[in-house]
1. Hey, SER149 hits all of (1) polar (S, T, N, Q); (2) open to solvent by 40 Å² or more (accessible area, probe 1.4 Å); (3) closer than 19 Å to LEU247 by Cα but one; which does it fall short on?
2. Given (1) part of a helix (DSSP H, G or I); (2) away from the ligand (no atom under 14 Å from the Cβ); (3) surrounded by fewer than 23 Cβ atoms within 10 Å (Cβ to Cβ), identify the lone condition not met by GLU744.
3. Here are some residues: ALA857, ALA847. Which one is at pLDDT 80 or above, crowded, with 17+ Cβ neighbours inside 10 Å and among the small types (Gly, Ala, Ser)?
4. Considering only residues that are assigned to a loop (DSSP other than H, G, I, E, B) and surrounded by fewer than 15 Cβ atoms within 10 Å (Cβ to Cβ), look in segment 536-556 and name the one that is nearest to the ligand (Cβ to nearest atom).
5. Quick one: how many residues across segment 728-741 are in a helix (DSSP H, G or I) and touching a helix residue (DSSP H, G or I) at 6+ places or on another chain (Cβ under 9 Å)?
6. Quick check on my filter: what residues within segment 520-535 are within 15 Å of the ligand (Cβ to nearest atom) and in contact (Cβ under 8 Å) with a residue 12 or more places away in the chain?
7. I'm checking my understanding of the structure. Among residues of segment 460-474 that are more than 16 Å from the ligand (Cβ to nearest atom) and in contact (Cβ under 8 Å) with a residue 60 or more places away in the chain, which one is surrounded by the most Cβ atoms within 10 Å (Cβ to Cβ)?
8. Between a first residue in segment 64-75 that is within 12 Å of VAL37 (Cβ to Cβ) and in contact (Cβ under 8 Å) with a residue 24 or more places away in the chain and a second residue that is open to solvent by 60 Å² or more (accessible area, probe 1.4 Å) and outside any strand (DSSP E or B), which pairs have beta carbons less than 7 Å apart while being 6 or more apart in sequence or on different chains?
Amino acid sequence: MKVFGRMSWAVLAIGVTLMVLCHVQESEQIPPTITVVGLFDKEDIKQQMVFGYAVDRINQERVLGKGTRLISRTEKIPVGDSFFAHKRLCQNVGAGIVAVFGPQSSKTSAHVQSICDALEIPHIETRWDFRTRRDDYSINLYPHPSALSKAYLDIVRLFNWKTFCVLYDDNMGLVRLQEILKTPKKNEFKIMYKRLPAGDDFRPILNEIKMVEEYNILLDCHTEKVFDVLKQAQQIGMVTANYNYILTTLDLHLIDLEDFKYSGTNITALRIIDLSRDEVRNLTEDWHAGQTRYSNRLYGKGELMMPKGINMTTETALMYDAVQLFVKALKRLDNSNDIMVTASDCEQESSWGHGNSLINYLKVEEMVEGLTGAISFDPSGFRTDFWLDILELQRPGIVKVGYWHPSTGANFTRTNGEIPTNMMEGIQNKTLRVSMAFNDPYVMLAESAEKLTGNDRYEGFCIDLLTEVAAKLKFNFVLIPVEGNGYGGFNKTTGNWSGMIKELLEGRADLAMTDLTISHERQQAVDFTMPFMNLGISILYVKPKKAPPSLFSFLSPLSYEVWIYMITAYVGVSLLMYFLSRLSPYEWQNPHPCNPDPEELENQFTLRNCLWFAIGSLMQQGCDFLPQAVSTRLVAGMWWFFTLIMISSYTANLAAFLTIEQMETPIESVDDLARQTKIKYGTKDSGTTKNFFKSSKFEIYRKMYRFMENEEPSVFVRSNKAGVERVENDNGLYAFFMESTSIEYMVERRCKLTQVGGLLDSKSYGLALPKRSPYKGPIDVALLTLQSEGRFHILKNKWFRQKKGGGKCKEEAGSGGGASELNLSNVGGVFVVLMSGMGLATVVAMAEFGSECWDIAKVDKVPLMQVLKDELTFVFKCKGSSKPVRKKPEESETATEDAYGSNDYNYTVKKPLT
Ligand code: GLU
């Protein structure tokens with residue numbers, strides 16, 4: 001018994017020692033088990049599984065070290081049952097836990113958060129939460145809605161949306177988009193709000209959006225609903241290349257978008273999970289396959305941790321990151337403190353001693369390698385600093401095209417080279433519906449002996465052009481002639497468009513094509529490609545007829561103006577000759593050369609002689625007397641030069657006039673047309689030409705429009721062809737305003753017709769597309785390439801000059817255009833020379849006259865002024881062509897008798913002949 005008693009004491013002592021030792025060891029290191037609790041909504045299996053998986057993986061990889069295991073307790077809470085959540089949480093804290101994860105439900109979350117705050121146990125959430133304040137012991141890994149909605153605002157701005165429809169599922173959607181709703185810039189966007197109805201038929205609401213022609217849609221709904229909404233949108237024709245969608249779901253990668261990726265619709269979304277990282281890819285694959293490397297080893301074959309087919313949603317990724325983040329923070333806490341896990345009591349509100357430190361480590365921990373990128377928190381425990389991928393649905397699938405960060409905003413990462421490639425891809429293999437209107441030579445019915453089908457039934461400039469564009473961009477097209485052959489006119493009363501523009505607006509065509517003029521009005525409703533032809537309005541009229549020979553056609557070489565100037569010059573030169581010859585002493589000649597002392601001097605340039613002299617020279621005949629003085633010779637020389645030039649010009653032009661047939665041209669410009677009322681004029685009804693006159697600011701065009709409007713029968717015609725026929729048939733009594741390119745085409749083939757005057761305006765033809773059509777970019781690029789290759793020119797030559805009787809009127813073209821009369825601008829220089837000569841001659845004559853008077857005054861010792869007065873009086877008396885020779889003073893009989901035997905002279909000197 002004694003031995004037994006001693007032994008029992010020894011065993012007791014060893015036991016106590018071991019217990020003490022164990023206690024000492026325990027107090028120095030992390031406990032062998034750390035328990036965390038996850039509160040999950042009952043149905044949220046995925047979150048529960050990811051939570052368990054993440055914890056198991058930590059244990060498997062021995063992340064905590066020293067043999068410590070992380071124990072996860074999963075509590076399934078009925079959604080919104082705060083009482084139950086409270087009960088389960090308090091049971092768990094009583095057993096000693098260091099962190100609480102979840103729940104996802106907002107109703108229970110606030111309750112759990114306040115308990116954790118009171119007990120100082122870190123609370124980690126991964127749910128969408130729009131509150132702006134949270135308790136001290138709580139953090140949330142889900143990006144804060146204010147930051148997310150800023151990201152959507154940046155994307156909307158990046159896409160330059162001016163109007164869009166917010167299609168939302170519940171009021172939370174509006175909270176999610178709060179930054180857009182309170183747009184900082186006033187009137188930056190025109191936003192329409194539509195709520196998705198309960199149930200699963202979204203077509204009525206989608207139809208409403210379609211009716212108001214809104215092409216930009218910001219869709220905020222649960223990820224599971226997105227497919228249905230898009231599918232129904234597709235059924236009513238809203239998943240076409242014209243539509244743009246921004247989806248607010250962060251889980252676009254989970255939606256089956258196969259049906260939409262060839263539609264050309266621009267579908268954009270954001271994603272926080274960084275799928276490019278290997279770990280994410282591996283995990284996604286494992287989860288998706290329903291098998292994890294760790295679970296097999298841990299639980300043995302056949303017992304799978306993950307149910308087959310689980311996907312990596314944003315929330316599951318966040319839960320995984322939450323566990324990883326917690327473990328990192330725990331390890332940092334372990335490095336600086338001995339962690340003691342104590343039981344807490346909800347009733348007593350006894351707090352956990354390390355909770356404060358752990359929550360601080362959680363907030364400052366930067367876990368760069370999270371599945372959702374770098375994780376960091378602001379002081380309030382919100383995640384506001386994160387990166388988002390900008391995703392776009394393209395033909396290969398979802399493609400990352402850019403990124404977003406609060407500091408940089410939204411940025412595209414695709415290169416310049418990729419953009420056109422993407423653009424081109426959008427149109428490849430598509431079949432475009434092309435609405436077209438007939439007009440030669442742009443769109444015509446093909447002439448063939450065989451029965452043609454499909455697109456082969458049509459031919460023309462535009463058809464060839466489109467075929468070349470389609471070949472470049474690898475798309476197909478089907479040609480649909482528009483009903484009524486209408487181009488597209490806007491009815492201001494009804495507010496409706498007609499013709500091809502209507503077809504585009506109502507979604508029955510992707511492209512409109514013919515000689516469709518790019519106009520401001522049309523540009524409001526549709527988009528135009530770059531122009532493929534430039535033109536302007538001009539007048540189509542019959543060719544001028546031959547004028548009947550005129551009796552006075554000899555007058556034609558010179559204009560009336562020139563004839564009048566010539567007659568004036570003739571009279572002027574004759575008069576000048578007359579006066580200068582009287583002024584110049586050298587023109588006063590001895591009438592009898594044998595008598596050295598004549599009584600009288602004679603001037604042969606009487607007025608009649610001057611006129612005869614000038615006409616003789618003009619007719620190239622000359623006359624029997626010639627000037628003697630320098631001044632009068634200058635006059636004669638200049639006149640001869642003048643007549644030489646004028647007569648040569650007249651002769652040359654007369655020859656041209658006599659050989660060329662003269663044409664009768666009643667109108668030569670739009671002003672001629674406006675000035676008269678005999679020739680009627682009109683335009684194509686409902687076209688840009690009519691609109692030009694209707695809306696012109698120029699009075700002359702407005703007046704012409706009024707004239708056209710009031711004419712009976714109407715001068716407006718249904719088509720260009722009808723207008724052309726009317727010009728031909730009305731025999732010069734109708735002129736048609738048409739676009740210059742069409743006139744060019746007509747006058748090549750209808751030889752009776754011609755273009756009159758220049759262009760009234762300048763405009764271009766283009767292909768029209770619905771607004772924001774994604775095909776515009778690629779078609780523009782293709783047209784530019786064709787232009788640089790000179791294809792426009794080649795096609796124009798083919799259809800305007802060669803095909804369908806082109807060049808028919810070429811031979812006759814030479815017969816038009818005659819010589820035109822010479823007007824003052826042609827011969828004005830000769831008049832100038834003549835006038836300068838006359839001026840010079842006058843100066844010389846005055847010099848001669850002055851010098852003669854000076855001599856007389858000197859020799860006769862008479863005051864110069866007296867001589868000047870006497871001589872000028874004689875000259876301007878314009879009487880008589882002879883004057884007596886002046887006598888010297890001593891020869892004078894009476895001092896009062898004038899030198900020429902006249903009382904007009906005050907002195908009696910008889911001037912000897914010089
Ligand atoms: N090209 C014109 C248009 O697009 C039609 C012809 C015209 O008005 O002269 O409306």
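The values are calculated or read from the model by the stated rules, or taken from the named source; none is laboratory data. Quantities reported herein were computed from a predicted structural model and do not represent experimental measurements. With ideal geometry, Cβ positions are generated from the backbone for all residues, glycine too; neighbour counts draw on all protein chains shown. Accessible surface is based on the protein model in full, side chains and every heavy atom, while ligands, DNA and RNA are left aside. Shrake-Rupley method; radii C 1.70, N 1.55, O 1.52, S 1.80 Å.
1. (2)
2. Unmet condition: (2).
3. Working: ALA847 fails: crowded, with 17+ Cβ neighbours inside 10 Å.
Matching residue, one of ALA857, ALA847: ALA857.
4. Filtering segment 536-556 down to residues assigned to a loop (DSSP other than H, G, I, E, B) leaves 536, 543-544, 547-552, 556.
This time we only want the ones that are surrounded by fewer than 15 Cβ atoms within 10 Å (Cβ to Cβ), so: 547-552.
Working: ALA547: 32, PRO548: 36, PRO549: 39, SER550: 38, LEU551: 43, PHE552: 42 Å.
Result: ALA547.
5. Within segment 728-741, the subset in a helix (DSSP H, G or I) is 728-729, 740-741.
Add one more test, that the residue is touching a helix residue (DSSP H, G or I) at 6+ places or on another chain (Cβ under 9 Å), and what stays is 741.
Of the residues in that region, 1 qualify.
6. Correct list: GLU521, ARG522, ALA525, VAL526, PHE528, THR529, PRO531, PHE532, MET533, ASN534, LEU535.
7. Restricting attention to segment 460-474, the residues satisfying the condition of being more than 16 Å from the ligand (Cβ to nearest atom) are 463-464, 466-474.
This time we only want the ones that are in contact (Cβ under 8 Å) with a residue 60 or more places away in the chain, so: 464, 466, 468-469, 472-473.
Details: ASP464: 17, LEU466: 24, GLU468: 18, VAL469: 27, LYS472: 16, LEU473: 21.
Per the stated criteria, the residue is VAL469.
8. Hits for this filter: GLU75/ARG88.
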